[in-house]
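Novice: My questions will all concern the structure given below.
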Amino acid sequence: MDFTIRAVRPEEYEDLGELTAGTYLNDGLLKYGAEDFYLEVLRDTARRAREAEVLVAEEADGRLIGGVTFATGGTPWADIAVAGEAEFRMLAVTPDARGRGVGEALVRACVERARALPGCARLVLSTDAKMVSAHRIYERLGFVRTPHRDWDPIPDHTLRTYALEF
């Protein structure tokens with residue numbers, strides 16, 4: 001690996017927020033495009049870092065090339081995780097870093113954190129149907145589809161769910 005996974009630093013909040021928001025926008029993952037309310041949520045790394053754990057992938061030169069938010073069940077950043085579960089969200093990798101294992105390394109870091117939590121039985125996530133390359137990562141790491149947990153954060157926008165049992 002020619003990059004490092006670590007916790008985000010306060011001076012990187014804005015950069016990671018723009019990386020995450022830009023990734024979701026440019027990949028066509030926001031129903032309302034540049035007018036989507038979720039862009040502000042994606043940009044607010046400071047809040048995520050206060051209320052959850054935010055990890056980044058950093059190039060050897062210090063440039064951020066990815067990020068993810070990790071939360072325990074029942075906390076503000078857990079959309080679907082309940083007590084005894086953990087969840088990751090907002091996985092984003094810059095286009096020029098894709099295909100290098102960055103996304104997988106970020107997911108593996110979340111798996112390690114979840115496994116280390118006392119009483120944590122599974123790691124869960126929600127994903128857009130369009131995120132096909134991410135789905136391949138999840139399945140390769142042992143996550144399975146949990147269609148009974150699929151949900152609509154906004155009307156007519158169903159998110160698929162996956163879980164990894166420990």
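Novice: What residue, of Val107, Val111, is open to solvent by less than 30 Å² (accessible area, probe 1.4 Å) and either in a loop (DSSP other than H, G, I, E, B) or under 16 Å from Met131 (Cβ atoms) (or both)? Quick ask: steps written out before the conclusion?
Specialist: Values: Val111 fails: either in a loop (DSSP other than H, G, I, E, B) or under 16 Å from Met131 (Cβ atoms) (or both).
Answer to the selection: Val107.
Novice: Of the residues that sit in region 24-55 and are small (Gly, Ala, Ser) and in a loop (DSSP other than H, G, I, E, B), which one is surrounded by the most Cβ atoms within 10 Å (Cβ to Cβ)?
Specialist: Restricting attention to region 24-55, the residues satisfying the condition of being small (Gly, Ala, Ser) are 28, 33-34, 46, 49, 52.
Those still in the list that are in a loop (DSSP other than H, G, I, E, B) too: 28, 52.
Numbers: Gly28: 10, Ala52: 19.
Taking the candidates together, the pick is Ala52.
Novice: Taking Ala121 as the residue in question, decide whether it is of a type in the set (Gly, Ala, Ser) and either under 12 Å from the mean Cα position of the chain (by Cα) or closer than 26 Å to His157 by Cβ (or both). Step through it out loud before you land on a result.
Specialist: On the way: of a type in the set (Gly, Ala, Ser): yes; either under 12 Å from the mean Cα position of the chain (by Cα) or closer than 26 Å to His157 by Cβ (or both): no.
No; evaluated as a whole, the condition is false for this residue.
Novice: Pairs under 9 Å by beta carbon, first residue within 16 Å of Arg6 (Cβ to Cβ) and modelled with pLDDT of 95 or more in region 98-112, partner open to solvent by 40 Å² or more (accessible area, probe 1.4 Å) and of a type in the set (Asp, Glu), six or more apart or different chains?
Specialist: Cys110/Glu53
Novice: Give me the residue from region 121-155 that is free of Cβ contacts under 8 Å to residues at least 40 places away in the same chain and closer than 18 Å to Tyr32 by Cβ and, out of that set, surrounded by the fewest Cβ atoms within 10 Å (Cβ to Cβ).
Specialist: Pro155
The values are calculated or read from the model by the stated rules, or taken from the named source; none is laboratory data. Nothing here was measured: the structure is a model prediction, and the numbers come from that model. When we count neighbours, we look across all protein chains shown, and the Cβ atoms used for this are built from the backbone with ideal geometry, even at glycine. When the accessible area is computed, the model is the full protein with side chains, heavy atoms only, and any ligands, DNA or RNA have been set aside. Shrake-Rupley method; radii C 1.70, N 1.55, O 1.52, S 1.80 Å.
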